[in-house]
Amino acid sequence: MELNATNSPFNEQQTELLNRLLPGLNGYQRVWLSGYLSALPASETAQGSGISASAGSAPAAEPAPASVPGASAAAAVQSEAPREATVLFGSQTGNGSGLAKKLAKRLEDLNVKADVLSMADFKPNNLKKLQNLLIVVSTHGEGDPPDNAIAFHEFLHGKRAPKLDGLRYSVLALGDTSYEFFCQTGKDFDKRLEELGASRFADRADCDVDFDETAGEWMAAVTEALSGSAGASQPASEDSAPLSADPVSDYSRSNPFRAEVLENLNLNGRGSARETRHLELSLEGSGLTYEPGDSLGVYPENHPRLVDEIIAEMDWNPDEIVPTGKYDSAALREALHYYYEITVLTKPLLEHAAKLVGSEELAALTAPDSAEKLRAYLGDHDLLDLLRDYGFKGRSAIEVTGILRKLPPRLYSIASSPQATPDEVHLTVRTVRYACGGRDRYGVCSVQMAERLEPGDSLPVFVQHNPNFKLPENPDTPIIMIGPGTGVAPFRSFLAEREETGAEGKSWLFFGDQHFSTDFLYQTEWQRWIKDGVLTKMDVAFSRDTEEKVYVQHRMLEKSKELYEWIANGAALYVCGDEKNMAHDVHLALETILAQEGGLSPEDASEYVLNLQREKRYQRDVY
Ligand code: NAP
């Protein structure tokens, strides 16, 4: 409701200011503000208003709740009996664990004792002892839990799951609306806990890739509910940065650093069907730090050709100003180039689009019984197709951009070691190009890197820390690395780091790609590392050099006895690359090797692999 001088105690100038400010506040900011105002001493609140705190149209002031940082808040929450909460996270790329730790810190600041731990480290038998459970979990692939959530997810959905009548809980689900099973793992946990008798004290929140706002609102709701005081949810002032802020650097997902391109090479030889860029970027002056296993987030730009095709198709004026955020705007061409996602369609976008153009056909495509048709449409269509297929002619640029998603950053596994090349970060990126529906299609970021990025240019980047893909702490631990295609990127980082730090543990790399002569990424570097003893063994699978395809898992099975011995002697296993096919097949090969060489039943082999995962001796960076 818009404020005016007759429905509020404010004069015209004040209502104008408030009407400008309030609609733009997110839920978290609103809760913070209300807590802040109610915690101000009454005399201060009433100052200058000419009314006492208990008079006039405003409700009488309650004693200040624990809602502001500092002494008054602390004093108020101190007087309450301490409460307890357990924050469990399941996280593949590090977002979930980062959010869970920030949540625990906020709870601690409010005198709620908060334990935070990975689902892999949580003993499910302790579930019945908990009062309050907060789950922060991401979803991968076809609605699967992240690796460190698999065992807990299985337990909770199995026969041994206990009744949880006394438990209160809430779930924060992380996901990506461009995937069919958006936030599925979070939904699973939410539903299952309810089935087991637990009571949901705050609604589940489902976050898209741009999670800051939704996650912030959920945190506000749960911290408020757990600390028992309205507005008690804001972070201490020193921690009021966006949730995605980097703990060390000023630069983060919400404030990317413009990294200068130092090198941009094609790693594939002449005649290859593939193009793989090796990029070297400078982090000098950014304060950004990373470790092997971390990823680099890159904000890409859409292809100008596609932007122009969309504008021409719709007869729009490229210079028309359109909103790009709550307070920002830009010329249409610029907005489509830098700001909006135009190559990927999502179900929510189609739902909004159906309403916008009043298309029953499009609405039917998003209905529950059309899942297969929807999957097919989303799989090979982009915004230009949508505009052409469903009668958007005549719709304004403001209407259409109003339903688009913000262009999300791309994450690439870092291929360099900060020890070996300080202030630099290297990436290994496959260029994605294909034709579909009579048009050329481009991978947004990879084609920008291949066609429109030269040394001296810069890219907006941030570091995505990934605690779930890390070298063993003990440098003597043997490592087995499986990384076909660009999945080999982090293993270049691992070996560069181990060389630089003089780690003595043995290492074994499985690499695969299409052809030996043109696609052997970083061939000379592996050879040098083998010669210098940094890399102990390497097995390669070039899939298209022989009549029958040979993949990395075939090489693993050929070496099953030796591989089993390495694992039995404590080696840590790492898999990076394609999730859908490769990682799945490699996982099965691993179970086969353990069953065959260790004399285990298939069930025991699966349990062995789960245990490796729990012990962080089997880590995957797959998508
Ligand atoms: P790719 O398409 O995975 O191809 C690499 C090799 O793997 C080819 O020889 C391919 O053979 C083979 N292959 C195909 N199916 C396989 C299977 N089921 N099991 C084992 N090997 C199989 O290579 P890419 O284009 O570099 O893609 C790598 C994947 O890793 C992408 O999905 C990418 O998103 C992901 N990824 C990249 C990074 C990064 O930062 N660079 C990090 C993590 C994940 P054929 O082509 O002959 O079938």
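The values are calculated or read from the model by the stated rules, or taken from the named source; none is laboratory data. Note that this is a predicted model, so its numbers are computed, not measured. Heads up, the Cβs are rebuilt from the backbone with ideal geometry, glycines too, and the neighbour counts pull from every protein chain shown. To get the accessible areas, we keep the full protein, side chains included, count just its heavy atoms, and leave off ligands, DNA and RNA. Shrake-Rupley method; radii C 1.70, N 1.55, O 1.52, S 1.80 Å.
Side notes on the structure shown:
- In the stretch 400-453, the residues that are touching a Lys or Arg at 6+ places or on another chain (Cβ under 7 Å) and among the aromatic types (F, W, Y): Y434, Y442
- Subset of the stretch 370-411 (residues that are over 20 Å from Y339 (Cα atoms) and either within 16 Å of the ligand (Cβ to nearest atom) or among the β-branched types (V, I, T) (or both)): G379
- Selection status of K347, outside the structural domain of G438 (by TED's automatic domain parsing) and closer than 21 Å to D176 by Cβ: yes
- Any hit, the stretch 592-600, residues being within 33 Å of the chain's Cα centre (by Cα), within 23 Å of P490 (Cβ to Cβ) and modelled with pLDDT of 95 or more: yes
- Condition check for A541: within 10 Å of the ligand (Cβ to nearest atom) and either buried (at least 17 other Cβ atoms within 10 Å of the Cβ) or more than 26 Å from Y623 (Cα to Cα) (or both): yes
- Total residues in the stretch 503-538, condition closer than 20 Å to E597 by Cβ and open to solvent by 60 Å² or more (accessible area, probe 1.4 Å): 2
- Within the stretch 478-536, being of a type in the set (S, T, N, Q), away from the ligand (no atom under 16 Å from the Cβ) and within 32 Å of the chain's Cα centre (by Cα) holds for T501, S507.
- Verdict on P467 being open to solvent by 40 Å² or more (accessible area, probe 1.4 Å), in a loop (DSSP other than H, G, I, E, B) and either hydroxyl-bearing (S, T, Y) or modelled with pLDDT under 95 (or both): yes
- When the stretch 263-307 is filtered for residues that are touching a residue at least 12 places away in the same chain (Cβ under 8 Å), over 26 Å from D210 (Cβ atoms) and not in a strand (DSSP E or B), the ones remaining, listed by number, are L267, N268, G269, R270, G271, S272, A273, R274, E275, E284, P292.
- The set of residues in the stretch 137-172 being among the β-branched types (V, I, T), under 24 Å from N611 (Cβ atoms) and open to solvent by less than 20 Å² (accessible area, probe 1.4 Å) consists of V137 alone.
- Conditions (1) open to solvent by less than 40 Å² (accessible area, probe 1.4 Å); (2) in contact with a helix residue (DSSP H, G or I) (Cβ under 7 Å, 6 or more places away or on another chain); number of the one not met by L133: (2)
- Among the residues of this structure, Y551 counts as one that is within 13 Å of the ligand (Cβ to nearest atom) and either in contact (Cβ under 8 Å) with a residue 12 or more places away in the chain or open to solvent by 50 Å² or more (accessible area, probe 1.4 Å) (or both).
- Yes/no for K191 being free of Cβ contacts under 8 Å to residues at least 40 places away in the same chain, surrounded by fewer than 17 Cβ atoms within 10 Å (Cβ to Cβ) and in a helix (DSSP H, G or I): yes
To keep it simple, each residue is scored yes or no on (1) polar (S, T, N, Q); (2) at pLDDT 95 or above; (3) over 22 Å from D212 (Cα atoms); (4) buried (at least 23 other Cβ atoms within 10 Å of the Cβ).
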{"residue": "G94", "(1), (2), (3), (4)": "no, no, no, no"}
{"residue": "K105", "(1), (2), (3), (4)": "no, no, no, no"}
{"residue": "E108", "(1), (2), (3), (4)": "no, no, no, no"}
{"residue": "N111", "(1), (2), (3), (4)": "yes, no, yes, no"}
{"residue": "D121", "(1), (2), (3), (4)": "no, no, yes, no"}
{"residue": "P124", "(1), (2), (3), (4)": "no, no, yes, no"}
{"residue": "K129", "(1), (2), (3), (4)": "no, no, yes, no"}
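- L267, sole failed condition from (1) crowded, with 19+ Cβ neighbours inside 10 Å; (2) within 24 Å of the chain's Cα centre (by Cα): (2)
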